[in-house]
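The structure appears below as structure tokens.
The values are calculated or read from the model by the stated rules, or taken from the named source; none is laboratory data. Here the structure is a predicted model, which is why all the values come from computation and not from measurement. Cβ atoms come from the backbone with ideal geometry, glycine included; neighbour counts cover every protein chain shown.
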Amino acid sequence: MPRRRPSALRGDIPVRVLRHRRYPPIDRLSGSCAADLRRLERTRFWPEAIEEAFWHWRALAHGPLRCVVDAFSGPRCGIHECGCDPGYFRDCLETTLHALPKKSARELCVLVLALDATIAARARIIPVDAPGSPWWRALSEMT
């Protein structure tokens, strides 16, 4: 009996189309943490949502100083996803930190807190009610 061609065997299996990523993956995370992020994106967010939020927050932390000042004092359209409100991206990261398992949340939290410290050091005045309060929301509400 002749053997079946490989294409005949794979006829019903869908072909996986690789697409280019819009945002780079978050570096310095373990494989298990990256897998937890993918799982969370499938269930609660959309693909690359966490990388997008982290990329925007990192761009704010390491970008020009005028971007830090203008980001929290400029006009806002009211649509969080457009990017004119940087607090939206930090809220997305905060939601992610609370939804991840403890070990993965700890890994991501180290990176996010380092960015928070950079932004806080570069901003002039940050009104904070308590040490654990979401200061990025207070900056967004000042305008």
Could you look through the stretch 30-67, keep only residues that are surrounded by 17 or more Cβ atoms within 10 Å (Cβ to Cβ) and of a type in the set (Phe, Trp, Tyr), and pick out the one that is nearest to LEU115 (Cα to Cα)? TRP57
Sort out for me the helices (runs of 4 or more DSSP H) sitting completely within the stretch 37-141 that have 1 or more residues that are modelled with pLDDT of 90 or more and at negative phi. 49-62, 86-99, 102-122
Return only the number of the condition from (1) loosely packed, with under 14 Cβ neighbours inside 10 Å; (2) of a type outside the set (D, E, K, R); (3) modelled with pLDDT of 90 or more; (4) outside any helix (DSSP H, G or I) that PRO24 does not satisfy. (3)
